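Notes to accompany the following structure.
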DNA sequence: CATTCATATAAATGTATATTTATATGTTAT
DNA sequence: ATAACATATAAATATACATTTATATGAATG
């Protein structure tokens, strides 16, 4: 797998609100699935699905301990990198299509041309 | 639009190989659409479509000059931020499902369970 | 060993989005 | 004004992906 593809897959993994929420909650900790379910308010299967994606893309790694499975960041550098991107993202202005909340630009075009 | 959503949308925008290719080619320069078409080998409408996405998500900004439209990065900090993420991405190992090139993890599960 | 709790998977569904092909808009020069 | 070129949009298609509901696995405990 070439490096550009790795980068693209990493961004794709991070490009989901629920997964970012999970990463943000875990932070430097080590969390069980149920803690994540509780903290995020997402359903357990949905959390499990996203955790699988995060594990397969090697953003998270796991450790089983009895009946619990603990997830933690595989590369702690990700946290500071997220901080940098947050700053860049903050400078994005809410104008036109972006202000539609929950609706993608394409949805907007589709329904209101 | 809240900050978490901005971050998610930025990552989503970056999570596409063709868009990363475009960003990488533009770099610190200012490029016309045809230059990008030529450099990337993508079709003109496809380039145009991705440029629109990149502009709407405020990664790129544009300037018209005669018949040409020039695109450049709106925030130069993005380049170094991409460098940081590249390093993180490089440490990702090519194992199991990731080695399938062009096929998503979900595709893999689907066809080979 | 059966029950309970934690987590994972499967199937079904709806929606988002990349790509192609075809066509339109906009600008310049003849 | 029309031809030629640069770019953008539209329609059509195919696929990827998030989410829900239902069920399975796997570990601990009575």
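Within 10 Å of each Cβ in peptide B:81-89, how many partner chain Cβ atoms are there on average? Round it to a whole number, please.
Counting other chains' Cβ atoms within 10 Å and averaging over B:81-89 gives 6.
Please figure out what share of the DSSP beta bridges in segment A:3-91 is antiparallel and state it in percent, rounded to the nearest 5.
100 percent
Among B:70, A:71, rank each residue by its count of other Cβ atoms within 10 Å, from fewest to most, as a rough exposure measure.
Fewest-to-most Cβ neighbours within 10 Å comes out as B:70, A:71.
Once you order the gyration tensor axes a ≥ b ≥ c over the Cα atoms, which shape class does segment A:3-91 get: rounded for a/c under 1.5, otherwise prolate or oblate by comparing a/b with b/c?
It comes out prolate by the Cα gyration axes.
Cut-off 18 Å, label point 7 angstrom out along Cα-to-Cβ of residue B:39: give me the residues of segment B:62-87 whose amide nitrogen falls inside.
Residues passing the 18 Å test: B:62-65, B:68-83.
The numbers here are math on the coordinates, done by the rules we state, and not lab data. If you're wondering where the values come from, they're calculated on a predicted model, not measured in any experiment. Virtual Cβ from ideal backbone geometry, glycine too; neighbours counted across all protein chains shown.
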